[in-house]
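J.: Take a look at this one; I'll ask things after.
The values are calculated or read from the model by the stated rules, or taken from the named source; none is laboratory data. Computed from a predicted model, the values in this text were never measured in an experiment. Cβ atoms come from the backbone with ideal geometry, glycine included; neighbour counts cover every protein chain shown. Each accessible area value is taken on the protein alone, full model and side chains, heavy atoms only, with ligands, DNA and RNA left out. Shrake-Rupley method; radii C 1.70, N 1.55, O 1.52, S 1.80 Å.
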Amino acid sequence: MLPEIVIDLDKIEHNTKVVLDLARQAGVEVVAVTKAFLAEPQIAGAMLRAGIKMLADARIENLEILHRHFPDVPLMLLRLPGLSQVKDTVRLAAVSLNSELKVLRALSEEARRQGKKHRVILMVDLGDLREGIWAENLPEVAAEAMNMDGLVMDGLGVNLACYGGIIPNGDNLGQLVSLAQDLETSSGQKLKVISGGNSASLPLLLTGELPSGINQLRIGEGILLGRETVKRRLLPGAAADAFVLRAEVLESQDKPTVPIGNVGQDAFGETPQFEDKGWRRRAILALGRQDVPPEGISPLDERVKIFGASSDHLIVDITDAPEVGVGSVLEFNVRYAGLLGSMTSPYVHKRFVK
Ligand SMILES: *Cc1c(COP(=O)(O)O)cnc(C)c1O
């Protein structure tokens, strides 16, 4: 059924190995992140076959899927646990990322109730302004967290390049390492993990600039799309096409590029603007914003250009690809937004190949 996303499990396994090899040289553990694909077990399975030892997701529902399919694989909860999720967090996750004492106290109580040791990583905000304890408040929070029954303080973590787009470098990641060292000195306790971010930290691995002490990265996009996420360069030897989106042409006709009549608002409340390129052959595909955001995909055939999309239709310029017509299937590469959209849309059919 179309539209479909074709998922090459061998390429995902291969890309996982590329990232693992890169990390191994720097003594870094890779936690594989499954949130961009609803924790689909066949994809997670390909990551595990490549040698991944821990899986991570932002959502309890996805941890539930992973726990059901891989009961022996330790899981990490990436998004801060909500107070309402404490019970499920302790039940499903071996380790969670945290920044709030109130939640840590609740996790501690719940871990004792379930007779478990729950591991926690304290997130530090080093400027990206998403989650994390402000560095000057860390000693106080950590001192209390380290003494909570039922919890084990695994270490510190940071997330960069997400909200604020702050690039990981020797300065901010170095600061994380020195905060960890200070904490080890003041507590007399060794910290096992310093978790240095996501796929935006991969360029530092490539250049050998990852500060020593950082011993874990949490990687999603780097594996799935084979790219680091600062400049979106392909990792050496990685496959860029583990995912390919395919959709069908419903109409193919010559029309002008500027609509006729008075321009008001489009279906999304925006006032559209059009560049006049004269008459072009336009194809309408059965692929809309309910399937994937058009900004997140690009046609594999470089002669095809995207004009725009509505809820159910993608409109492309096929003037330079004259063989394309009604019933043709066009293929697209996905970027992160395109991957997320197509993997989470119920209308995009998932097909696995090896
Ligand atoms: C999503 C996420 C990651 C993985 O990000 P990628 O860019 O896909 O590698 C890592 N850590 C946290 C906390 C996340 O939310």
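J.: Please determine whether any residue of segment 238-254 is assigned to a loop (DSSP other than H, G, I, E, B), in contact with a Lys or Arg (Cβ under 6 Å, 6 or more places away or on another chain), within 16 Å of the ligand (Cβ to nearest atom) and in contact (Cβ under 8 Å) with a residue 40 or more places away in the chain.
T.: yes
J.: Taking segment 182-205, which residues are touching a helix residue (DSSP H, G or I) at 6+ places or on another chain (Cβ under 8 Å) and in a helix (DSSP H, G or I)?
T.: Asp182, Leu183, Ser186, Ser187, Ser199, Ser201, Leu202, Leu204, Leu205
Listed here are the residues, each with its yes/no results for (1) surrounded by 13 or more Cβ atoms within 10 Å (Cβ to Cβ); (2) outside the structural domain of Leu104 (by TED's automatic domain parsing); (3) within 16 Å of the ligand (Cβ to nearest atom); (4) in a loop (DSSP other than H, G, I, E, B).
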position: Met123; (1), (2), (3), (4): yes, no, yes, no
position: Gly127; (1), (2), (3), (4): yes, no, yes, yes
position: Val141; (1), (2), (3), (4): yes, no, no, no
position: Val152; (1), (2), (3), (4): yes, no, no, no
position: Ile166; (1), (2), (3), (4): yes, no, yes, yes
position: Asp171; (1), (2), (3), (4): no, no, no, no
position: Val177; (1), (2), (3), (4): yes, no, no, no
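J.: Under 8 Å between Cβ atoms, at least 6 apart or on separate chains: pull out the pairs that start in segment 118-138 with a residue that is within 18 Å of Asp154 (Cα to Cα) and end on any residue that is acidic (Asp, Glu) and open to solvent by less than 10 Å² (accessible area, probe 1.4 Å).
T.: Here the result reads Arg119/Asp154; Val120/Asp154; Ile121/Asp154, each pair linking segment 118-138 to a residue that is acidic (Asp, Glu) and open to solvent by less than 10 Å² (accessible area, probe 1.4 Å).
J.: Then there's this: Cβ-Cβ below 7 Å, separation at least six or inter-chain, first residue in segment 298-310 and open to solvent by 30 Å² or more (accessible area, probe 1.4 Å), second assigned to a loop (DSSP other than H, G, I, E, B): which pairs?
T.: Final answer for the pair search is Asp301/Ala321; Arg303/Asp320; Arg303/Ala321; Ser310/Ala267; Ser310/Gly288; Ser310/Arg289.
J.: Then there is this: Return a yes/no flag: does segment 107-119 have any residue that is within 14 Å of the ligand (Cβ to nearest atom), surrounded by 19 or more Cβ atoms within 10 Å (Cβ to Cβ) and not in a helix (DSSP H, G or I).
T.: No; the residues of segment 107-119 include none that is within 14 Å of the ligand (Cβ to nearest atom), surrounded by 19 or more Cβ atoms within 10 Å (Cβ to Cβ) and not in a helix (DSSP H, G or I).
J.: Something else about it: For segment 32-68, give me each residue that is among the small types (Gly, Ala, Ser) and in a strand (DSSP E or B).
T.: Listed by number, the residues that qualify are Ala32, Ala56.
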